[in-house]
Amino acid sequence: MLTPRKHLDLNSSLLRVASIMLKELHRRGVVEMTTLKQRVVRRIGMNGDIMFLPALSFLFLLGQVEYHAQNDTLEYVGK
């Protein structure tokens with residue numbers, strides 16, 4: 001369960017990183033994995049690098065993104 005804690009940094013939380021990723025994927029449709037990670041780190045800072053994979057896993061669980069291994073890209077498949 002995602003519950004806020006007293007010491008949680010909301011700027012680098014999983015939900016914020018996931019929303020930045022979704023916004024970028026929605027805007028472009030298909031984005032290379034490294035490009036998306038660089039954009040998250042630029043917006044969040046080094047904590048974005050740490051939270052990138054958990055946020056990506058969260059988006060996979062929600063069925064919002066699809067990974068293409070041959071191109072190392074992520075595709076937005078949500079509505």
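Only the coordinates and a few stated rules stand behind these numbers; no lab work does. Keep in mind the model is a prediction, meaning the values are calculated, not measured. Glycine also receives a Cβ, built like all others from the backbone with ideal geometry; neighbour counts cover every protein chain displayed.
Some values worked out for this structure:
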quantity: Calculated FRET efficiency for the pair A69/M46, C-beta based, R₀ 30 Å, to 0.05; calculated: 0.65
quantity: Cα-based helix-to-principal-axis angle, 14-28 vs the chain, degrees rounded to 10; calculated: 30 degrees
quantity: Size of electric dipole in the chain: Cβ of Lys, Arg +1 and of Asp, Glu -1, about Cα centre, debye, nearest 20; calculated: 400 debye
quantity: Lys/Arg +1, Asp/Glu -1 at C-beta; the chain dipole; positive extreme among F58, H68, L15; calculated: L15
quantity: Along each principal axis, Cα extent of region 36-79, largest first, Å; calculated: 27, 22, 16
quantity: Label assignment, mean projected area of the Cα convex hull in nm² derived from the structure, set (i) 5.6; (ii) 5.3; (iii) 6.3; calculated: (ii)
